[in-house]
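Here is the structure we will look at, set down as structure tokens.
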Amino acid sequence: MRLYTADEMGRVDRAAQELGIAGRVLMERAGVGMARLALERFSPRRAVAVCGGGNNGGDGFVVARELHRAGVAVEVVAAKAEYRGDPEANLRVLRSLGVPVAGPEALESALSRADLVVDALLGTGFSGKVREREAGMIRRINASSAPVLAVDVPSGVDGSTGEVHGEAVRADLTVCAHAVKVGCVISPGREHAGDLAAVDIGIPPAAEVEPSVVLNDAASLAGLIPRTAEPAHKYSAGALLVVAGSRAMTGAAVMTVAGAQRAGCGIVFLVTAEGAAPLLDARLTEAIVEGAPEEGEGHMDEKALDAVLGRAGRASAVVVGPGIGVGEGGRRLVEGILREVEVPVLLDADAITNLSGSEALARREAPAVMTPHAGELGRLVGAGAREISASRLRYAREAARRQGCCVLLKGSDTIIVEGERTAVNPTGHVALATAGTGDVLSGVIGALLSRGMDAYDAARAGAWAHGRAARLWLEERGWPAESLVATDLLPYLPEAFAELLRARPEAGGPPHQQQGRG
């Protein structure tokens with residue numbers, strides 16, 4: 001599925017028109033396709049189309065006309081008294097057909113009679129805060145009991161970022177013209193969009209542009225997962241060093257190591273707090289466990305660095321952070337690893353928190369991945385978790401730029417950014433909102449790094465397989481999403497990776513480019 005920002009879609013529209021395809025033709029095809037999906041999904045008897053002043057409103061007029069032709073009793077609420085260009089032409093057709101057209105004052109009455117609302121109020125290019133007049137209309141739409149079909153993007157959602165500043169329509173289905181808009185797959189816009197579909201509007205391949213955000217689907221990952229080839233031994237299949245755990249947090253180390261093993265890592269070393277090492281050594285029978293010096297509360301500190309570096313010489317990647325604790329000693333340990341270790345490093349959990357105010361990651365030249373949730377990223381960039389959640393794409397890109405690394409911002413809409421590359425992962429699920437799933441993800445990505453994958457692609461593939469494992473568990477068990485615990489993912493990771501290994505790239509898609517950092 002192709003994703004476009006508002007600017008990219010505008011460029012595509014203009015390019016198509018320069019090739020001789022009239023704007024009214026594109027609007028016609030969009031509206032006809034959207035009306036078809038409205039009829040298939042909702043089978044409405046009475047509908048109200050709420051239409052704004054731009055081309056989005058014009059699309060809404062076409063949808064209204066097609067619903068009228070199908071026998072639906074349609075009312076149109078037009079936000080403007082006068083229209084121009086293609087929207088005006090389509091509005092004139094509606095009036096000639098006898099479709100009732102009224103102003104915003106008629107909205108509440110029309111909504112009371114409708115069993116479908118077509119939201120064509122604000123278009124893809126909207127950004128910022130909704131004006132009070134439109135905000136009032138949006139509140140009435142959301143208060144209606146009728147399902148809502150949004151045209152291209154729910155009104156009030158920034159189509160390029162997913163940001164919502166004020167009121168926004170909560171749609172049951174969003175139907176996009178030609179390509180799904182980025183704001184419909186990134187939170188909080190994602191939660192307003194409902195189900196997603198895109199309709200063909202006749203854009204020729206010559207008019208397409210390179211998207212700035214890609215959907216992280218199996219086809220885009222096809223052929224990227226390394227396979228172990230003969231002659232093989234455990235080190236050739238990837239050697240991962242995990243620096244995790246403390247006296248009070250042994251589970252984080254267990255899940256990180258187990259995630260790496262299920263992602264195909266040939267050998268895993270674990271350096272952990274010496275007080276936790278005997279328990280972990282007994283539990284992790286396939287890993288090599290070593291205890292390192294700890295401070296009074298059972299957390300590793302900078303004295304553990306020698307043990308880490310001793311093992312790092314045999315590793316092809318390092319994961320550091322799960323359950324190590326926070327504090328000055330932990331900060332110096334993480335900074336020492338970033339400074340001394342030259343293989344790819346993944347930072348998660350406490351390692352990210354320990355780096356608040358530090359320049360160690362930004363100064364690093366070797367590849368690095370960090371996998372924060374909103375709170376952890378907020379501590380790193382000096383913002384609150386609520387601010388991060390409101391502007392996820394912006395902050396993920398800002399952190400990747402500041403730190404010079406690959407950033408994976410966790411969430412149901414996990415965002416992966418490195419340099420100019422950005423991907424949104426669609427396999428996330430609310431079932432993953434439980435303790436320990438992030439530790440499993442760290443192990444999975446660490447394993448892929450150890451097997452030679454580029455940081456950005458390792459993060460993308462790990463996020464996809466991690467989310468897919470959760471969905472496979474849900475499909476097989478049929479249990480509530482809230483019942484999943486982190487270790488439930490482990491038996492399903494191999495099946496998720498098997499799907500990636502069977503995947504085929506999309507026909508005519510661009511070739512994959514491996515781009516490392518330093």
*Search result, residues across region 165-210 that are within 17 Å of the chain's Cα centre (by Cα) and either open to solvent by 30 Å² or more (accessible area, probe 1.4 Å) or modelled with pLDDT under 95 (or both)*: PRO188, ARG190, GLU191, GLY194, ASP195, LEU196
*Would you be able to say whether some residue in region 402-417 is open to solvent by less than 20 Å² (accessible area, probe 1.4 Å), at pLDDT 95 or above and small (Gly, Ala, Ser)?*
no
*Output for region 279-296, where each listed residue is touching a strand residue (DSSP E or B) at 6+ places or on another chain (Cβ under 8 Å) and either open to solvent by 60 Å² or more (accessible area, probe 1.4 Å) or assigned to a loop (DSSP other than H, G, I, E, B) (or both)*: ASP281, LEU284, GLU286, ALA287, ILE288, PRO293
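Just to confirm my filter: which helices (runs of 4 or more DSSP H) fall fully inside region 18-101 and include at least 2 residues that are touching a strand residue (DSSP E or B) at 6+ places or on another chain (Cβ under 7 Å), among the small types (Gly, Ala, Ser) and touching a residue at least 24 places away in the same chain (Cβ under 8 Å)?
Filter on region 18-101 gives 23-42, 55-69.
Restricting attention to region 255-272, report how many residues are buried (at least 24 other Cβ atoms within 10 Å of the Cβ) and either under 14 Å from ALA447 (Cα atoms) or without any contact (Cβ under 8 Å) to a residue 40 or more places away in the chain (or both). Give the steps one after another, and end with the answer.
So the first thing to find is which residues in region 255-272 are buried (at least 24 other Cβ atoms within 10 Å of the Cβ), and the list is 255-260, 263, 265, 268, 270-272.
Adding the requirement that they be either under 14 Å from ALA447 (Cα atoms) or without any contact (Cβ under 8 Å) to a residue 40 or more places away in the chain (or both) leaves 255-260, 263, 265, 268, 270, 272.
Qualifying residue count, region 255-272: 11.
So, in region 343-364, how many residues would count as being assigned to a loop (DSSP other than H, G, I, E, B) and more than 21 Å from ALA292 (Cα to Cα)?
Step one: filter region 343-364 for residues assigned to a loop (DSSP other than H, G, I, E, B), giving 343-344, 348-349, 355-359, 364.
In the following step, the residues that additionally are more than 21 Å from ALA292 (Cα to Cα) were identified as 344, 356-359, 364.
Counting residues in region 343-364 that are assigned to a loop (DSSP other than H, G, I, E, B) and more than 21 Å from ALA292 (Cα to Cα) gives 6.
Do you know which of the residues in region 436-454 that are small (Gly, Ala, Ser) and within 20 Å of the chain's Cα centre (by Cα) is surrounded by the fewest Cβ atoms within 10 Å (Cβ to Cβ)?
Of all residues in region 436-454, those small (Gly, Ala, Ser) come to 436, 438, 442-443, 446-447, 450, 452.
Restricting the remaining residues to those that are within 20 Å of the chain's Cα centre (by Cα) gives 436, 438, 442-443, 446.
Numbers: GLY436: 21, GLY438: 25, SER442: 32, GLY443: 34, GLY446: 35.
Step by step, filter region 436-454, then rank; the result is GLY436.
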_Checking SER316 against (1) open to solvent by less than 10 Å² (accessible area, probe 1.4 Å); (2) touching a residue at least 60 places away in the same chain (Cβ under 8 Å); (3) of a type in the set (Gly, Ala, Ser): exactly one of these is not met. Which one?_
(1)
*Residues that are surrounded by fewer than 21 Cβ atoms within 10 Å (Cβ to Cβ), in contact with an Asp or Glu (Cβ under 7 Å, 6 or more places away or on another chain) and not in a loop (DSSP other than H, G, I, E, B), drawn from region 219-254*: ALA219
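This table checks each residue for (1) touching a residue at least 12 places away in the same chain (Cβ under 8 Å); (2) outside any loop (DSSP other than H, G, I, E, B).
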| position | (1), (2) |
| --- | --- |
| VAL117 | yes, yes |
| GLY123 | yes, no |
| PHE126 | yes, no |
| ALA135 | yes, yes |
| ILE138 | yes, yes |
| SER145 | no, no |
| ALA150 | yes, yes |
| VAL153 | yes, no |
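Say we look at region 106-133 and pick out the residues that are of a type in the set (D, E, K, R) and open to solvent by 10 Å² or more (accessible area, probe 1.4 Å); which of these is farthest from MET9 (Cα to Cα)?
Here the residue is ARG113.
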*Quick one: is LEU305 in contact with an Asp or Glu (Cβ under 9 Å, 6 or more places away or on another chain) and free of Cβ contacts under 8 Å to residues at least 40 places away in the same chain?*
yes
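The values are calculated or read from the model by the stated rules, or taken from the named source; none is laboratory data. Since the model is a prediction, treat every value here as computed from it, not as a measurement. With ideal geometry, Cβ positions are generated from the backbone for all residues, glycine too; neighbour counts draw on all protein chains shown. Ligands, DNA and RNA are excluded from the accessible area calculation, which covers all protein heavy atoms including side chains. Shrake-Rupley method; radii C 1.70, N 1.55, O 1.52, S 1.80 Å.
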